[in-house]
Structure formats: structure tokens, C-alpha cells
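*Asks:* Below is one structure. I have some questions about it.
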There are 2 protein chains.
Amino acid sequence: MLIDRDNFHLFQPLLYQVATAALSPSDIAEPIRRMLRGQENCEVVLGEVTAIDTQKRQIGMGAETVTYDILVLAAGATRSYLGHDEWEQFAPSLKTLEDALAIRTRLLLCFERAETSRNPQEQARLMTVVVIGGGPSGVELAGSIAELVRHTLAKDFRRISPAATRIILLEAGSRILAEFPEALSRYAAQRLAGLGVEVRENCAVKAITAAAVQADGAEIPAGLMVWAAGVKASPLAQMLGVKTDKHGRIAAGSDLAVAGLSGVYALGDLACVEDTMGKPLPGLAQVAKQQGTYLGRSLAAKIETGATPMPFAFHDRGNVAIVGRHSAVVDFGTIQLRGFAAWLLWAVVHIWLLAGLQHRVLVAIQWAWRYVTYDRGARQIMPMPGADGSARP
Amino acid sequence: MLIDRDNFHLFQPLLYQVATAALSPSDIAEPIRRMLRGQENCEVVLGEVTAIDTQKRQIGMGAETVTYDILVLAAGATRSYLGHDEWEQFAPSLKTLEDALAIRTRLLLCFERAETSRNPQEQARLMTVVVIGGGPSGVELAGSIAELVRHTLAKDFRRISPAATRIILLEAGSRILAEFPEALSRYAAQRLAGLGVEVRENCAVKAITAAAVQADGAEIPAGLMVWAAGVKASPLAQMLGVKTDKHGRIAAGSDLAVAGLSGVYALGDLACVEDTMGKPLPGLAQVAKQQGTYLGRSLAAKIETGATPMPFAFHDRGNVAIVGRHSAVVDFGTIQLRGFAAWLLWAVVHIWLLAGLQHRVLVAIQWAWRYVTYDRGARQIMPMPGADGSARP
């Protein structure tokens with residue numbers, strides 16, 4: 001039985017493209033039932049887990065209870081405002097489809113409101129975007145917003161010039177893309193500057209209010225603020241009742257079993273698994289995907305033959321971040337790529353990774369179209385729960 | 001200046017495909033700014049008109065005011081519950097993108113809830129869909145839901161069989177598709193029956209509650225009820241202060257001018273324009289589109305040369321309704337088509353009518369894909385304002 005509170009599997013690496021009107025939700029969200037259609041011994045349940053009892057081997061979903069023999073927790077990560085949850089209402093994160101649509105709505109409304117505003121100061125505020133956090137998500141989002149305003153929207157307004165939008169990327173650490181080699185961080189910062197993004201490193205956020213970010217001793221009035229600075233494990237991890245690390249993750253062994261609990265496994269972003277050198281594996285999609293394949297096979301083998309599984313070994317497929325329209329940085333450890341070749345590699349790999357042939361074809365066509373025309377079609381402003389009240393002005 | 005409360009132009013004839021998870025909102029909603037990008041003397045304003053003062057020639061949008069020389073009202077039609085507005089909360093209409101997404105969410109949640117329900121009576125209720133109104137919208141929606149449950153969802157559940165879903169189409173009049181020749185109505189009713197839709201004619205709705213429709217002296221418990229029975233002109237028509245007909249429409253002359261008001265024109269579904277025989281033109285997209293083209297040209301000619309325009313003449317392009325996967329009825333007046341040829345004609349014409357080449361290509365591919373595989377990708381359940389509270393169970 002697979003329990004999920006959504007009825008779709010979300011391909012998170014492309015969420016920023018939904019937030020910037022380049023793709024539609026259905027392009028990156030595959031119905032779970034369709035993915036498991038052929039797996040006749042697997043039941044899919046739409047529901048939210050509210051309690052776990054590892055003694056009775058039971059899971060609670062509201063009033064309902066499910067009994068298990070083996071429990072695998074793979075609920076991923078969620079936003080973390082580093083102790084400032086009150087910032088969330090002003091600066092949404094980009095972790096779910098709703099987040100992406102809320103950010104898209106706020107972004108597009110900024111330009112609509114600036115177009116009709118008669119107050120130059122208010123116009124300047126509305127046309128300032130602050131992205132907080134210089135990891136891959138923040139870099140990709142800032143680059144994609146820069147292209148949206150400088151190309152797609154450039155000729156669509158009569159009173160304002162969207163191309164003049166200020167886009168500021170704030171990074172508290174000494175450089176963006178800190179997990180990449182320094183040369184690639186430098187390259188990405190230069191590319192972003194070329195797209196018109198102001199990259200500010202060593203710049204920690206002090207406060208976020210409804211209309212401004214305070215950082216570096218100054219106040220930056222902004223129309224849209226996005227939080228891309230922190231993640232923590234899903235709250236589901238807390239329900240196990242075992243100790244978690246500072247990111248809220250459950251420690252799991254090299255067989256992904258949770259120590260001290262019988263028949264409980266954890267993987268992906270809510271688990272902390274160490275590599276053979278004792279270093280925790282990074283919170284990447286490729287780690288989670290390899291762990292899922294590994295655990296499926298090792299549990300099947302254990303049930304069928306009673307075999308003790310080989311320990312999980314992570315195979316690094318390379319780390320990538322997109323910097324605008326046809327540029328990316330890729331780190332394969334020994335080899336590093338950047339620029340157009342890196343971007344092309346990223347595009348091919350990501351289309352391949354999308355679940356479902358139809359999505360692959362549709363996304364490939366939309367990217368090719370966008371590449372040639374700079375156009376983006378998913379620009380509908382609709383009322384969203386979570387967006388500031390009503391989407392309409 | 002073009003004022004709209006949405007930032008997109010909605011292609012309403014395909015709304016039912018969004019409601020049944022076949023297309024995404026962005027496939028049928030083109031950003032207005034993009035459509036008018038090349039029209040540099042046209043300003044686009046996102047806003048809702050709240051007052052019209054034809055004496056001062058002013059339009060109010062909340063606190064803002066715009067002065068006009070010429071005013072064209074083309075705000076279309078909205079739902080009408082025929083005096084029973086309290087039914088709306090239980091049986092949504094299909095007039096806007098939000099409506100379509102709310103219906104999609106309710107429909108998909110019915111199956112999710114039926115799958116986990118242990119109460120056979122409740123399961124039967126959840127797996128009953130009632131569509132109220134047998135015009136083209138109701139017929140198209142019922143046919144598309146039938147295909148969704150019998151093909152797309154058929155193998156996706158383990159405990160319930162979506163193919164067993166009851167779909168009931170209620171028509172108060174003596175036959176569905178009343179505006180078509182009787183032979184086509186009969187054909188459509190037979191095709192729907194073949195798809196598993198129960199067509200009930202001469203069956204007026206007496207009441208709608210949270211979980212049932214009362215009609216024909218009986219109560220039909222249902223998981224989803226959709227209202228496709230009535231439309232009326234946009235409330236904007238009332239703001240002019242002139243007399244409107246029983247559908248709330250403004251009478252406009254053969255030059256589309258509103259009698260008694262200087263510089264005010266009305267067209268499309270909120271206007272009542274008579275043909276040369278004195279019969280009101282039907283509320284069809286093709287009427288509105290021809291009127292728009294006519295008025296644009298005649299106003300330009302009047303301004304440039306002062307010429308009095310020729311009266312508007314409607315050219316009937318034929319009336320069409322889709323009945324399931326590869327069948328349609330088309331009425332050209334003298335010629336009538338039905339079956340596969342009619343469907344193919346419909347598909348080609350509707351792809352052509354979609355605004356924007358990208359939409360044409362994307363929709364064509366999705367239809368071809370769906371035709372071969374029966375698959376539908378836009379099945380994401382997301383919280384919607386207006387859907388019953390939370391989308392999650």
C-alpha cells in the first residue's frame with residue numbers, strides 16, 4: 001500500500017518552471033495511480049498520516065488505522081524558515097505545486113499592479129523581486145524570472161518596462177552554489193549578472209515584512225519575495241519517536257533500516273544515511289531515487305530468500321544547476337561542465353527523468369518552442385488559497 | 001483600452017475537457033497581453049468594472065475611474081440557477097476555469113473516497129454523477145466523464161470499478177440538444193446510451209441538496225452534480241441602466257449600438273441582436289466572434305471616414321456538439337453530419353480556432369495521444385477555493 005496526501009508524484013526539479021509560467025502543473029505531476037497501474041498488488045491511498053505507532057505496527061490517518069508488517073518512510077523534505085515561521089506569509093517557499101502557483105500569481109500580479117499604479121515608488125517596489133538563498137533552487141528561480149521579465153513580458157505592457165525589473169539574489173554564505181566547486185560558483189554568478197540579476201553574497205536576511213526584506217543593514221522594498229534558503233525533513237519523521245538530527249532527519253543504517261525499530265525503513269530527504277566514509281549523503285533526488293530502487297529490491301529479496309542485503313552504495317551521477325536560458329553548471333566530481341553543453345545535457349537528462357512518455361514529448365516541445373520564441377504560455381492568474389487573499393486586484 | 005477581470009482569454013468550448021482532466025488550463029487560456037502584444041495603441045487593464053456612468057461617459061473600477069468616448073460591452077454570459085441560487089454550492093456550473101478545476105477536483109475525489117469507503121451505499125453515491133441540462137455543454141461533459149471513468153480510470157483502482165460509475169443526464173425538455181434537428185438529438189441520445197450515460201428527458205429538477213438531486217419524484221443520491229441548465233447575461237449588462245430581456249441581455253441594433261445611449265455598443269452573449277427576420281441571434285461563440293470583427297471594422301471606418309456602417313449580418317458556420325470519443329453531431333442548416341466524420345471536422349476546426357500556434361500544436365498532440373491511449377494527464381487534485389473546503393480528504 002502506498003499512502004500519499006497528494007494524488008500525484010511531483011517532479012520537484014522543474015517546480016521553478018511552473019512558478020515562472022513556463023510549464024503547467026500537469027507537465028511535472030504524474031498521477032500516482034497511473035504510475036502504479038500495472039502493479040496490481042499495490043493499493044494507492046490518498047490520505048494524510050497523522051500518527052505512527054511502531055509498537056502496534058499501526059499507522060493512523062485521522063480516524064482510520066492501517067496495520068503494517070514493513071513501514072517505509074519516504075515523505076521528503078519541507079520548507080524551513082530557520083525559526084522565523086512568521087516570514088512564510090510574506091516570502092513563500094517553492095516546495096509544492098500550490099507554492100509554485102502562488103508564486104506565479106504573485107509575480108504576474110506585481111506587473112499588473114505596477115502597470116496601473118500612478119505612484120513611481122510603489123511601481124519600483126512592485127518591480128523588485130528578492131530571492132533568498134543561493135542554492136540551486138534560488139539560482140534557477142532567479143535566472144528564470146530574469147528571462148521571463150526581459151524577454152517574455154518585455155513587450156506586453158505599455159506604461160512599465162518589465163525588463164527594468166530588479167531581481168536580487170541574497171546568499172548568507174560566502175558564495176552561491178556552495179556545494180559546487182568554486183569555479184562553477186563564480187561562473188554562475190557571472191552568468192546571473194549577465195542576465196541582470198544582482199547577486200549579493202555574505203548577505204544574511206534579518207527580517208521579512210509584507211513589503212520589504214531587511215538585509216545588510218538596509219531595507220529592500222519588494223513586490224515578490226521567495227524563500228529558497230532552508231529545508232527540513234517532513235514532520236512525519238517526528239512521529240516515529242526516535243531521535244532526529246538538526247534537520248529533523250531520521251538516522252538510517254546502510255540497509256536503510258531505522259535503528260531500534262523492527263520493520264521500519266527511511267529513505268530520501270527525511271533520512272540521514274552515511275556513505276562509506278561516514279559522511280551524510282546529500283539531500284538530492286538522485287540519492288532518494290537510488291535508495292528507493294535499492295530498498296525495493298532488497299526487501300523483495302529478503303522476503304523471498306531471507307537474504308541479508310548488501311549495504312546501500314550511492315553512485316554520484318553529477319550535480320547540476322541551471323543558470324538561465326542556455327547555460328548550466330554540472331559537477332561530476334572529476335569533470336566539470338559549464339555553459340551551453342551543460343545546459344543541453346541537463347535538458348536531455350531532465351526530459352528523460354520525467355515520468356511518462358507523454359510528459360516527455362509535451363515538455364520537449366514546450367522547451368523547444370520557448371527556446372525559439374521566448375514565449376511562455378502558463379500565465380493565467382487564478383485565485384489561489386495561500387496567495388494573498390484574492391488573486392484579482 | 002481593454003478591461004478584463006481575468007488576464008487571459010478563455011476558449012470556453014473546451015472547458016469540459018479541463019473539467020475531465022484531458023487538458024490543462026493553460027491549453028485553453030491565452031494571455032490577453034500576448035494576444036494584443038503587436039497592437040501598440042491598445043492598453044490592457046486587469047480589473048473588474050463596478051459601475052458605468054453613461055452620462056459622464058465614465059467607468060468605475062473600485063476607486064478608479066476611466067473616461068471613454070466609445071464603450072463596447074462584451075462580457076458574455078454567466079451561470080443562472082433559474083431562481084435557485086442556493087443550488088450553486090452543491091452543483092457547480094462550467095463557465096470559468098475555476099469552475100472547471102473545481103469540478104475536476106470533486107470528480108477525482110469521489111473515486112478516491114469511494115476506494116477507501118467501507119460503506120457500499122456511500123460508495124454507490126460517490127460513484128454517481130448527475131449532469132443537469134442536455135444542451136451541448138451537458139452532453140459534452142457527460143460523454144467525456146463516461147470516457148474518463150470507463151477507460152482512463154478503469155484500471156487505476158483496486159477495490160472499486162470506476163467503469164461501473166452511473167452517469168445521469170437530466171433534461172427538462174422533451175429532448176436533448178433541442179436546438180439541433182430532431183434526428184441529431186436522437187442520434188446523440190443513442191450514442192450517449194452506448195457510452196453508458198442514462199439520458200432522462202422530460203425530467204425537471206425539483207431540488208438539489210448536498211448529496212442528492214430530486215427529479216421525477218425520486219431522489220438520486222450523487223457524489224458529483226453539475227449544473228449545465230441555464231445561463232444569463234453578465235451582471236455588467238445591468239449597470240447600463242437600460243431595460244434588459246428575461247435573460248438579462250441588452251437589446252442592440254443591427255449596428256450593435258445600444259438604443260438611447262450615445263457611443264455605447266454591446267455584443268456577444270450579453271447582447272440581444274435580431275437577425276434580418278427579427279429573430280434573436282443564438283448565444284454562440286461564432287456569433288460573438290463575427291460581431292467583434294464587424295464592430296472593430298465599422299468603428300474604425302466610422303472614425304476614419306465618417307461612413308455609416310452596413311448592418312451586421314450573421315453567417316451561420318454550423319452548430320456542433322461532441323458525443324464522446326469519436327462522434328459528434330453537426331448541423332449546417334441544410335446539411336447534417338454525424339459520427340466520426342463530424343468529430344474529425346470538429347477536432348480540426350477547434351484546433352484551428354484556438355488562439356496561438358503553440359496551443360494548437362500542444363492540444364493536437366494531447367488529443368492524438370489520448371485517442372490512442374485513452375490516457376489523461378491533468379489529474380492533479382489540488383486545494384481549490386470554491387471546491388468543498390479542502391481538496392484533501
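*Asks:* Does any residue of segment B:64-74 turn out to be within 11 Å of another protein chain (Cβ to nearest Cβ) and more than 30 Å from B:L141 (Cα to Cα)?
*Replies:* yes
*Asks:* In segment B:256-270, is there at least one residue being over 24 Å from the mean Cα position of the chain (by Cα) and not assigned by TED's automatic domain parsing to the domain that holds B:T50?
*Replies:* No, segment B:256-270 has no match at all.
*Asks:* In segment B:25-45, what count of residues is obtained for those that are closer than 30 Å to B:V131 by Cβ and either modelled with pLDDT under 90 or in contact with a Phe, Trp or Tyr (Cβ under 8 Å, 6 or more places away or on another chain) (or both)?
*Replies:* Final tally of qualifying residues: 5.
*Asks:* Moving on to the next point. Counting residues that are under 21 Å from A:P136 (Cα atoms), more than 14 Å from chain B (Cβ to nearest Cβ) and under 21 Å from the mean Cα position of the chain (by Cα), which strands (runs of 3 or more DSSP E) fully inside segment A:271-371 reach at least 1?
*Replies:* By residue number, A:319-322, A:328-331.
*Asks:* Quick check on my filter: what residues within segment B:216-238 are modelled with pLDDT under 95 and more than 23 Å from the chain's Cα centre (by Cα)?
*Replies:* B:D216, B:G217, B:A218
*Asks:* List the residue pairs whose Cβ atoms are under 9 Å apart, where the first residue sits in segment B:78-105 and is within 14 Å of another protein chain (Cβ to nearest Cβ) and more than 13 Å from B:L141 (Cα to Cα), the second is crowded, with 18+ Cβ neighbours inside 10 Å and among the acidic types (D, E), and the two are 6 or more positions apart or on different chains.
*Replies:* Short answer, once both residue conditions are applied: B:T96/B:D6; B:L97/B:D6.
*Asks:* Condition check: under 21 Å from A:G135 (Cα atoms), in a loop (DSSP other than H, G, I, E, B) and hydroxyl-bearing (S, T, Y). Does A:Y16 satisfy that?
*Replies:* Here the answer is no, as A:Y16 does not meet what is asked.
*Asks:* Please go through segment A:107-129 and pick out each residue that is farther than 14 Å from A:A164 by Cα, more than 11 Å from chain B (Cβ to nearest Cβ) and either hydrophobic (A, V, I, L, M, F, W, C) or buried (at least 22 other Cβ atoms within 10 Å of the Cβ) (or both).
*Replies:* A:L107
*Asks:* Can you pull out the residues in segment B:154-165 that are crowded, with 18+ Cβ neighbours inside 10 Å and more than 8 Å from chain A (Cβ to nearest Cβ)?
*Replies:* Once the filter is applied, which keeps residues that are crowded, with 18+ Cβ neighbours inside 10 Å and more than 8 Å from chain A (Cβ to nearest Cβ), segment B:154-165 yields B:I160, B:P162, B:T165.
*Asks:* Can you tell me which of (1) touching a strand residue (DSSP E or B) at 6+ places or on another chain (Cβ under 6 Å); (2) of a type outside the set (V, I, T); (3) surrounded by 22 or more Cβ atoms within 10 Å (Cβ to Cβ); (4) over 26 Å from A:R376 (Cβ atoms) is the one A:S185 doesn't meet?
*Replies:* Here A:S185 meets the rest and fails (1).
*Asks:* Let me ask something additional. Among the residues in segment A:221-229, are any surrounded by fewer than 20 Cβ atoms within 10 Å (Cβ to Cβ), assigned by TED's automatic domain parsing to the domain that holds A:L170 and assigned to a loop (DSSP other than H, G, I, E, B)?
*Replies:* Looking through segment A:221-229, none of the residues is surrounded by fewer than 20 Cβ atoms within 10 Å (Cβ to Cβ), assigned by TED's automatic domain parsing to the domain that holds A:L170 and assigned to a loop (DSSP other than H, G, I, E, B).
*Asks:* Name every residue in segment B:185-217 that is assigned to a helix (DSSP H, G or I) and touching a Phe, Trp or Tyr at 6+ places or on another chain (Cβ under 8 Å), in order of residue number.
*Replies:* Matches in segment B:185-217: B:A188 only.
*Asks:* For segment A:31-58: of the residues being assigned to a strand (DSSP E or B) and not β-branched (V, I, T), which is farthest from the other protein chains (Cβ to nearest Cβ)?
*Replies:* The extreme case among them is A:D53.
*Asks:* Now for a different question. Being surrounded by 15 or more Cβ atoms within 10 Å (Cβ to Cβ), among the acidic types (D, E) and outside the structural domain of B:G143 (by TED's automatic domain parsing): is that true of B:D245 here?
*Replies:* no
The values are calculated or read from the model by the stated rules, or taken from the named source; none is laboratory data. Not measured: the values here are computed from a predicted model. Neighbour counts are summed over all protein chains in view; Cβ atoms, including those assigned to glycine, are modelled from backbone coordinates with ideal geometry.
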